[in-house]
Amino acid sequence: MDLTLHVWRQAGPDEPGRMATYVDEARDISPDMSFLEMLDIVNERLIAKGEDPIAFEHDCREGICGSCGMMINGQAHGPQKGTATCQLHMRKFADGDELFIEPWRARAFPVLRDLIVDRQAFDRIIEAGGYITAPTGAAPDANLILVPKEAADAAMDAAACIGCGACVAACPNSAAQLFTAAKIQHLNLLPQGQAERYTRTKAMVDTMEEFFGSCTNHAECQEACPKEISIDFIAYMNRDYVKAQIKNRKLTGQAAS
Ligand code: SF4
Ligand code: FES
């Protein structure tokens, strides 16, 4: 396949960015390559010409780590539903295609270099409550705490979130509700997560609001999510947040009953 690539190039966070066009470097691409392997080939050719390679983030290259996100022709992670950029294959495109490749566009994710953005705002949300503080000791017997099958399945679906940020990039408000809801509900749905359920929900939602826009139910996040996480989790999060306003006041003795 011969492609024409238009790639966002930006030398640093405070440098101006621009789209650069690559034609010769994107020739003879195998349809069996992954999208990142195609970028590897382009980078080898750029390095051979003495030019800076395109900076992009990657680690697992199998849809697990969440680091490889980028906009491909205006779609977060590209055109294939339920697929991270590293799992996308070039056969999804046609010979002669023109591809526009950009970093996530969201104020909370500033560009560090080329296609790499800073997703530390997600870390702040996790730090606010995305964990269980009980000392766990050695692994207990699996049947020590009984978990209803429906709760286990739903918690597992939420736990599939890889923190890639596509939900934020796809949202017209740059909202992080889907990520935050997934990270809250994979704990809130389980018995082990109940002790901190409402303090966790309030802390994580309040931290999310510091960095990201508000949800207005466009559902673009669900469409872009490589793990196909349902916006139902946002509804569960909103329910727990409303309950938290009362429960947390009770805990601190501020409510009448
Ligand atoms: S909810 Fe989906 S799109 Fe958002 S960070 Fe998690 S895996 Fe990525
Ligand atoms: S490189 Fe890990 S999810 Fe794509």
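The values are calculated or read from the model by the stated rules, or taken from the named source; none is laboratory data. Small disclaimer: the values here were computed from a predicted structure and weren't measured. In this analysis, Cβ positions are derived from the backbone assuming ideal geometry, glycine residues included, and neighbour counts consider all displayed protein chains. Remember, those area values only see protein heavy atoms, side chains included, never the ligands or the DNA or RNA. Shrake-Rupley method; radii C 1.70, N 1.55, O 1.52, S 1.80 Å.
Numerical summary
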quantity: Dimensions in Å of the range 4-113 - Rg and Dmax from alpha carbons; calculated: 13.4, 37
quantity: Computed [θ] at 222 nm, deg cm²/dmol, the chain (DSSP H ≥ 4; -39,500 (n - 2.57); rounded to nearest 500); calculated: -11000 deg cm²/dmol
quantity: For the range 130-257, fraction of C-alpha pairs farther apart than 21 Å, in %; calculated: 43
quantity: Protein accessible area in the range 1-145, 1.4 Å probe - carbon and sulfur %; calculated: 48
quantity: GluC sites (Glu not before Pro) within the range 1-109, DSSP loop, no more than 16 other Cβ atoms inside 10 Å; calculated: E51, E62
quantity: Cα-derived Rg to Rh of the range 71-181, Kirkwood definition; calculated: 1.08
quantity: Gyration tensor over alpha-carbon atoms, the chain, equivalent ellipsoid semi-axes in Å; calculated: 40, 19, 15
quantity: Lys pairs under 15 Å by Cα in the chain, provided they are eight or more residues apart or on distinct chains; calculated: 7
quantity: Rounded D (µm²/s) - the range 1-68, Kirkwood Rh over Cα pairs, Stokes-Einstein at 25 °C, 0.890 mPa s; calculated: 187
quantity: Counting DSSP beta bridges with both ends in the chain, the antiparallel % (nearest 5); calculated: 70
quantity: Within the range 150-245, GluC sites (Glu not before Pro) in DSSP loop having at most 13 other beta-carbon neighbours inside 10 Å; calculated: E228
quantity: The range 111-166 and the range 184-214: distance between their alpha carbon centers, rounded to Å; calculated: 11
quantity: Contour excess over end-to-end distance, with Cα ends at T133 and R239 and 0.36 nm allotted per residue; calculated: 35.9 nm
quantity: Those chymotrypsin sites (Phe, Trp or Tyr not before Pro) in the range 1-70 that DSSP places in a loop and that have at most 13 other beta carbons within 10 Å; calculated: none
